[in-house]
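These notes are about the structure you will find just below.
The values are calculated or read from the model by the stated rules, or taken from the named source; none is laboratory data. Remember, it's a predicted structure, so these values are computed and weren't measured experimentally. Heads up, the Cβs are rebuilt from the backbone with ideal geometry, glycines too, and the neighbour counts pull from every protein chain shown.
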Amino acid sequence: MTLVSGTMVFFVIWWVILFMVLPFGVSIEKNPKKGFATSAPKNPKIGKKFFITTVLTAFVWGVIHFIMINHWIRFS
């Protein structure tokens with residue numbers, strides 16, 4: 001896997017995992033202030049979710065890289 005293809009695989013996996021992690025721990029404000037969406041999350045904790053996403057992505061990417069290095073599956 002080249003540097004560019006490895007980076008692109010990491011990027012795609014990161015986005016997929018981010019969309020899986022985003023709904024966890026979301027609570028909606030019961031009485032939102034005027035002008036705010038009624039469906040807006042109270043405290044989205046986006047920094048924590050980015051960190052969790054990055055850690056999970058590194059693990060998944062590492063497994064994929066290990067499989068490709070050992071030629072168990074070839075993509076090219």
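Whenever a residue of segment 52-76 is closer than 14 Å to residue 21 by Cα, its partners that are among the β-branched types (Val, Ile, Thr) and part of a helix (DSSP H, G or I), lying with C-beta atoms within less than 8 angstrom and at least six residues away or across chains, give the pairs 52/21; 53/17; 53/21; 56/17; 56/21; 57/13; 57/17. Within the span defined as segment 65-75, every residue fails to be under 14 Å from the mean Cα position of the chain (by Cα), part of a helix (DSSP H, G or I) and closer than 30 Å to residue 2 by Cβ.
Taking the condition over 27 Å from residue 64 (Cβ atoms) and within 21 Å of the chain's Cα centre (by Cα), does residue 27 pass? Considered against the rule, which asks whether it is over 27 Å from residue 64 (Cβ atoms) and within 21 Å of the chain's Cα centre (by Cα), residue 27 comes out as yes. Note on segment 23-42: residues that are in a loop (DSSP other than H, G, I, E, B) and either aromatic (Phe, Trp, Tyr) or surrounded by 10 or more Cβ atoms within 10 Å (Cβ to Cβ) (or both) total 8. Taking first residues from segment 5-22 that are assigned to a helix (DSSP H, G or I) and partners that are modelled with pLDDT under 95, the Cβ contacts under 8 Å between residues at least 6 apart in sequence or on separate chains come to 6/65; 9/1; 9/64; 13/64.
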